[in-house]
Amino acid sequence: KSEQFNWDDYLKETESVAAPLHCFRQSRIPPKNDFKVGMKLEAHDPRNVTSVCIATIIGITGARLRLRLDGSDNKNDFWRLVDSSDIQPIGTCEKKGGMLQPPLGFQMNASSWPMFLLRTLNGAEIAPAAFFKKEPPKPVPNCFKVGMKLEAIDRKNPYLICPATIGDVKGDEVFVTFDGWRGAFDYWCRCDSRDIFPVGWCSLTGDALQPPGNNVSITKSSAKIQSSPSKVTRRSMQSPQKSAPVPAQRGRKPGRGKPPGQSAV
Ligand code: MLZ
């Protein structure tokens with residue numbers, strides 16, 4: 001449980017409100033994560049979503065799994081919630097009359113795929129069907145409002161969940177902006193995206209919520225630019241960081257890729 005950042009204090013200091021739970025396509029109580037590292041399951045290839053592949057659980061973080069497609073490299077890991085519809089028990093694809101596909105960038109000759117598949121499943125630890133949870137229903141309509149706070153996956157560093165603010169709302173979409181970062185990480189997503197979570201999510205799942213960045217000074221009603229990203233000035237808001245911050249995360253220039261040591265999160 002992370003004590004580095006305190007939402008209650010932060011919401012008060014920024015005079016902002018948390019986006020209500022019912023805005024999100026997330027279960028009110030985060031799903032239990034019973035999976036274990038090493039278990040195999042079926043997953044849609046994120047780079048080729050019509051393909052269902054075999055994936056191995058490489059890591060567990062909160063209600064998410066870090067997955068690697070069998071036959072792929074170690075540079076394209078992805079994270080999925082245990083109640084994601086992108087993952088399913090082994091055997092589901094075949095039951096539906098489908099065929100398991102090699103991942104995009106299959107490292108061997110395509111002709112060796114059938115044998116590879118047999119070998120990878122032989123004696124494998126299969127994730128039990130009961131571990132997979134039903135995806136929550138879509139919230140309708142989009143009830144996010146500009147200024148509401150949330151926790152969001154940093155899509156450039158998808159192992160990170162960070163404090164964020166709704167910067168804009170258009171139809172079914174919301175613009176997610178990251179507190180204390182200058183826009184390089186911001187993105188538009190559907191309001192029913194599985195990448196956004198209500199305030200307090202990480203503390204419920206045991207995920208480490210990242211503290212806000214320190215590149216932008218957050219004043220009560222507006223966020224104004226205080227310093228260049230390389231010349232870091234600490235925000236005036238020191239109080240939410242009660243314990244020592246993660247050194248690799250602090251004061252780095254955004255957009256430089258993954259800091260070493262973070263990939264194992
Ligand atoms: N230190 C890394 C990660 C930044 C994370 C920002 N999240 C909104 C970097 O500077 O790239």
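Bear in mind that the values in this text are calculations on the coordinates, not laboratory data. For clarity, every value in this text was computed on a predicted model and none was experimentally measured. FYI the Cβ positions are ideal-geometry reconstructions off the backbone, even for glycines, and counts take in every protein chain you see.
Remark: C-alpha extents of the range 79-211 on the principal axes read 53, 31, 29 Å, sorted largest to smallest. 3J(HN,Hα) along the range 24-36: 9, 8, 9, 6, 4, 9, x, x, 6, 9, 9, 5, 10 Hz, from the Karplus curve 6.51 cos²θ - 1.76 cosθ + 1.60 with θ = phi - 60°, whole Hz, x for Gly and Pro.
Which entries of K75/K170; K96/K156; K36/K96; K133/K156 have Cα-Cα distances beyond 32 Å here?
Numbers: K75/K170 34 Å; K96/K156 34 Å; K36/K96 26 Å; K133/K156 26 Å.
Those over the limit are K75/K170; K96/K156.
Taking one quarter of the surface of the C-alpha convex hull of the range 1-122 gives a mean projected area of 10.2 nm². Where q = 0.16, 0.23, 0.26 Å⁻¹, what log10 of I(q)/I(0) comes from the Debye formula for the range 77-124, counting one point per Cα? Debye output, listed in q order: -0.59, -1.10, -1.19.
With the radius of gyration and the Kirkwood radius both derived from the Cα set of the range 44-87, what is their ratio Rg to Rh?
Working: Rg = 9.8 Å, Rh = 10.6 Å.
That ratio is 0.93, to two decimals.
Coupling constants for the range 113-124 follow from the phi torsions by the Karplus curve (6.51 cos²θ - 1.76 cosθ + 1.60, θ = phi - 60°), and in residue order they are 4, x, 5, 4, 4, 4, 5, 5, 8, 5, x, 6 Hz; glycine and proline get x. Near Q101: Cβ cut-off under 13 Å, other residues only, Lys/Arg at +1 and Asp/Glu at -1. The net charge is -3. Per residue, the average separation of C-alpha pairs within less than 8 Å and at least 6 apart gives the range 1-155 a relative contact order of 28 percent.
Report the equivalent ellipsoid semi-axes for the range 97-166 in whole Å, largest first, defined as the square roots of five times the eigenvalues of the gyration tensor built from alpha carbon atoms.
Working: eigenvalues 298, 63, 36 Å².
For the range 97-166, the semi-axes come out at 39, 18, 13 Å.
Backbone amide hydrogens, once placed in the peptide plane, bring S51 within less than 5 Å of D45, excluding anything fewer than 5 places away on its chain.
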